[in-house]
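The values are calculated or read from the model by the stated rules, or taken from the named source; none is laboratory data. Predicted model, so just to flag it, every value in this text is computed and none were measured. FYI the Cβ positions are ideal-geometry reconstructions off the backbone, even for glycines, and counts take in every protein chain you see. We work out accessible area using only protein heavy atoms, side chains counted, and drop any ligands, DNA or RNA first. Shrake-Rupley method; radii C 1.70, N 1.55, O 1.52, S 1.80 Å.
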Amino acid sequence: MQEKKKQKKKKNIPYLGKNILYFCDYCCLPIVKSNICPRCGKKIKRVPITPPYDVRPATKQDIKEILRLIKQNFGVRKKIFSLNDVMLLNHVGSEDQMDEIVYYGNIIGIRRYDLVYRRWTIKLNAYGLLLIEKEIKKNWVIVDDGAIKNILNGSNALIPGITCADIRIKKDNYIAILDKNRKVIAGGIAKIDEKERRKQLRGTYAKNYVAVKNRTLRKIKKTTWEEVIEANSSIINDISKESIHFIRRIKDELKLPVAVSFSGGKDSLVTLDLALKALPEENLKIFFIDTGIEFPQTVSYVKKLSKKMNFKDNLKVKKVKTRIFWNAFQKFGPPGRDYRYCCKFAKLAPIRELILQNYTDGKCISLVGQRRYESYARATADIWQNHYIPNQINVSPIQNWTALVIWLYIFLNKLPYNPLYEKQYERKCCWVCPLSNLAQFDLLKSNNKKLYKKLSRELEKWRKKKQLPKEYISRGLWRFKHIPQKIRNVLTLDKTDLSEIEKRKLAMDLEEIDIEQSDCRIQQTTILGSFSRVTKFENLQKNLSMVGKVEKNNSLNFLQIKKSDFTVFLYRDGTFKLRLGKANEKKIKNFVEKFVFSVLRTEECLNCKLCFDECKTHSLSFNNNGFSVDPSTCIQCGKCFDVCPIYTITHQNTKEKIRNVVSKINF
Ligand SMILES: [Zn+2]
């Protein structure tokens, strides 16, 4: 019984991996993975950070930004940290981006990106407030002696207890609650403007956020990153040896050639370095996909790196045309976190092409820098296969590494890393990646105005076309198909606006579909419908042979497709009529789906060619107008549908419409 309880409890914890961050108070150094300090040999404690425990070093730019926030909030002018100090940031869950700040083993508070105001905010905890106590010049309030005990016990600060306060305090500001000697007793969130308070006699002034119960500041000996690297070096070497063995073992077991999928990010840099060490004799291929929406810094970094690390001859680059992405953007709408069609044509299809060009049957081991601490989706396995690239076996040799371990490895081995990380980018990605936080998108504004303008223009174009509310862009809602609850919670939009946004009407789609059933006999049932437009009639004449036999029709005002008992008429204006034969529900659904998606795929083909190798009879060819089917060889197996992003991702709502209509038929 007890065991059952335990298991249930475990499930609720956002558990991606263990907390492996320790701190030696004596040496004043963060240590990974060991409860014995490698420098002094003393037993050390875990730092009680919040899951998922993926801490990373704060860059000089990060520290500068944190100092700026403290100055902005509390008027602290003194540089309480130096840019060379050892500070860690721990990415924790929030509606956008939030980092726990760890300063020499002490958690001092959080910085959080505010979705509504689109700016960073800071909330220091008790320890952080004590650090700046003597320097607080702004957002302070002094309470009388009678209120102190209650506030220390967690009560809110009430208006009658206030002696005086900074006139600049505004509602929702984070404020320091002080006693008459200006000793900090709590941090709180103002419920009203100070100007208002002066007119009122009762009520709550500030919500208690954190009480300062313990006033001891631990002694800090400021160490440097050089010392951190040195102290952790043997641990990092042991971890990397394990990964190197892992790569060799996989290679021996699978007996396949090895490639590295290099993205230009820190994780794939470490993976690449490990691979080069593990398999020095192997003719290692390094694949880099320039998705067409890469940061210019990433592209030039990869070039420089290949020279520096001497793998220029083995580097295989595939460049995707930028225009393909923007075409898709205006066809299917901006890609979303839960709607990532972009990865299919900008990453999977080109990598598949590279693999097939370089290995017979596309059989290879692909080393990928993926880590369990990153997300739930990535927390499962260190070996996996991808439905879109069947013969490739993905292997991650760094599955159990945290970001801090990655960085310590990079520093220790002096690997040249992507300069984007110095600019406060936490993760390397395409610059329009919907997985990015709004905080990261807003970095574009200061770091790369040209890209920021381009994105704003394209978003605005789509928003206007679809008549969506302004918040669609200003709140970053374009990044989702279904807006997650934690984001809904902080929004001020009403439900109709949200449902308009979530409908995500596409440029080209099945607009209407319904049945006409004169009596109970299924043979007399007709499905009527219309597409928003049909333009590629000539292509359709060939491509609809994926569904059935297309009857020649000289006038070309309509196409007639026949398959067993089914007959479809598709007219030039986009309407169609589908006569059902003697078939069961499943058969009808399949046929209607295939017909509708043949039209959608023909009209909206992105030329990604993911379907190309799926076709065992080689019936598919491509030109600027999209794909064409050879009616004389196509066997109507339908395999090419299963990999098409239009079938699998962008038009999911269409599948639902078809399901609904078919379920209405009286059988
Ligand atoms: Zn020590």
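So if I place +1 on the C-beta of Lys and Arg and -1 on the C-beta of Asp and Glu, and nothing else carries charge, what would the dipole magnitude of the chain be about its Cα centre? I want it in debye, nearest 20.
1580
Largest to smallest in accessible area, the residues Ser263, Ser396 fall in the order Ser263, Ser396 (1.4 Å probe, all protein chains included).
Compute the relative contact order of the range 209-321 as a whole-number percentage, counting only Cα pairs closer than 8 Å that sit 6 or more residues apart in sequence. With pairs under 8 Å counted, the relative contact order is 23 percent. Average accessible surface for the chain: 48 Å² per residue, computed with a 1.4 Å probe over protein heavy atoms with every protein chain in place. Rounded to the nearest 10 square angstrom, Ser456 shows an accessible area of 50 square angstrom against a 1.4 Å probe.
Under the criterion of Cα pairs below 8 Å and six or more residues apart, the relative contact order for the chain equals 10 percent. With the charge dipole of the chain set up from +1 on Lys and Arg Cβ and -1 on Asp and Glu Cβ about the Cα centre, the Cα lying farthest toward the positive end among the listed residues Val568, Ser263, Ile136 is that of Ile136.
Exceedance of the 20 Å cut-off in Cα-Cα distance is limited, within the set Lys221/Lys241; Lys321/Lys344; Lys123/Lys171; Lys79/Lys219; Lys331/Lys542; Lys308/Lys363, to Lys221/Lys241; Lys331/Lys542; Lys308/Lys363.
Just tell me which aspartates and glutamates come within less than 15 Å, Cα to Cα, of Lys423; anything on the same chain fewer than 8 places away is out. In chain and number order, the partners are Asp62, Glu65, Asp442. Computed on protein heavy atoms with a 1.4 Å probe, the accessible areas place Lys639, Lys454 in the order Lys639, Lys454, largest first. Taking a straight Cα-Cα cut-off under 18 Å and skipping sequence neighbours fewer than 8 places away in the same chain, the aspartates and glutamates within cross-link reach of Lys549 are Glu538, Asp565, Glu593, Asp630. Could you estimate the translational diffusion coefficient of the range 482-551 from the Stokes-Einstein equation, with Rh from the Kirkwood formula over C-alpha pairs, at 20 °C and 1.002 mPa s, in whole µm²/s? Once the numbers are plugged in, D ends up at 130 µm²/s.
For Lys18 and Leu556, what is the calculated FRET efficiency with R₀ set at 60 Å and r taken between the beta-carbons, to the nearest 0.05? E(calc), rounded to 0.05, equals 0.35. For the range 385-542, how big is Rg over Rh, using alpha carbon atoms and the Kirkwood form of Rh? Looking at the range 385-542, the ratio lands at 1.12. Calculated mean residue ellipticity, 222 nm, the chain: -10000 deg cm²/dmol, from DSSP H runs (n ≥ 4) at -39500 (n - 2.57) each, averaged per residue and rounded to 500. Between Asn386 and Gln517, the FRET efficiency estimated from the beta carbon spacing at R0 = 56 angstrom works out to 0.85. Note on surface exposure: Thr567, Thr224, Thr535 rank Thr535, Thr224, Thr567 by accessible area, highest first, 1.4 Å probe. Heavy-atom accessible area for Lys563, with the other protein chains in place and a 1.4 Å probe, reaches approximately 80 Å².
In this structure, Lys42 and Gln485 have a Cβ-Cβ separation that, at R0 = 41 Å, corresponds to a calculated FRET efficiency of about 0.35. Rolling a 1.4 Å probe across all protein chains gives Cys637 an accessible area of roughly 70 Å². Cross-link pairs exceeding 32 Å between alpha carbons, from the set Lys445/Lys486; Lys316/Lys454; Lys450/Lys505; Lys60/Lys180: Lys60/Lys180.
Would you please calculate the Kirkwood hydrodynamic radius of the range 310-383 over all C-alpha pairs and express it in Å, rounded to one decimal?
Hydrodynamic radius (Kirkwood, Cα pairs) of the range 310-383 is 14.9 Å.
For the chain, which whole percent of the accessible surface, found with a 1.4 angstrom probe, sits on carbon and sulfur atoms? Ligands and nucleic acids excluded, carbon and sulfur give 50 percent.
On a per residue basis, the convex hull of the C-alpha atoms belonging to the range 200-311 measures out at 293 Å³.
A viscosity of 0.692 mPa s and a temperature of 37 °C, combined with the Kirkwood radius over C-alpha pairs in the Stokes-Einstein formula, give the chain a diffusion coefficient of 114 µm²/s.
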